[in-house]
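Read-outs throughout are calculated quantities, based only on the coordinates presented, and are distinct from any laboratory measurement. Note that this is a predicted model, so its numbers are computed, not measured. For neighbour counting, all protein chains shown are included, and Cβ atoms are generated from backbone atoms with ideal geometry for every residue, glycine included.
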């Protein structure tokens, strides 16, 4: 049924309603774009939803990882490769790709489109026009701007519930358990400081064998004081005075791990489907 799909690493935590809404949306719309900040779990959600589709939903599923694409001119070639097309003729690459897909019921997943928005939009306009049964699931930090595109907002996990469960599960995976009630309190505090951002929580969990969770919470608390933040982001959001900054949760994790840079933004939780380009909005 499918070519290559990214392996699922670790237990998938939360997002049951999002998975259900996304799989239903793929049956109704031809282009669905998961949008959200970096590290929020767009790729993981896309893979989960695609992997749970019934065998009869599509003739084939093809995953194109665009994050590693350095040259814009290679976009069509990468998508063709994902669709298992090996064409060495003099035909136009887009023509060859549309002929490959044809009238088959195909799900094409374009992962990490944000650095190729214009190029992806141009290619998809052609593919969707020429391949009547093609369905595209894209992940991006911004919308692609293609007619008929339906946006599915992906937000951080709720820190108190799914965020804490994710941190706890990933801690177990590296051999760490909350031995004392104070550990669980500290873990909950870490989840709040990291705003429920999955990648930040994964980074934090990877450090737990060398940095106990209570130490981690203390460091995050000290980091906030040095930048004069009055309390955990979730508490400030609840009081109505939280304005997410681009150097938020991911940079908190960065300062602990030294492995990630700037440019990630968290947002308040919203309904996943939004109206765009004439597409009817859908709820959870």
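The length gained by stretching the chain between residue 172 and residue 74 to full extension, at 0.36 nm per residue less their Cα-Cα distance, is 31.2 nm. With semi-axes defined as the square roots of five times the eigenvalues of the C-alpha gyration tensor, the equivalent ellipsoid of region 91-213 measures 43, 14, 12 Å, largest first. Each peptide in 188-200, 149-161, 116-128 was scored by the mean count of other Cβ atoms within 10 Å over its residues; highest first, the order is 188-200, 149-161, 116-128.
In terms of the mean number of neighbouring beta-carbon atoms within 10 Å, the peptides 48-54, 131-137 order highest first as 131-137, 48-54. Maximal additional length on extending the residue 8-residue 185 stretch stands at 60.8 nm, based on 0.36 nm per residue less the C-alpha distance. Derived value for region 26-169: Kirkwood hydrodynamic radius 15.9 Å. Basis is the mean of 1/r over every pair of different alpha-carbon atoms.
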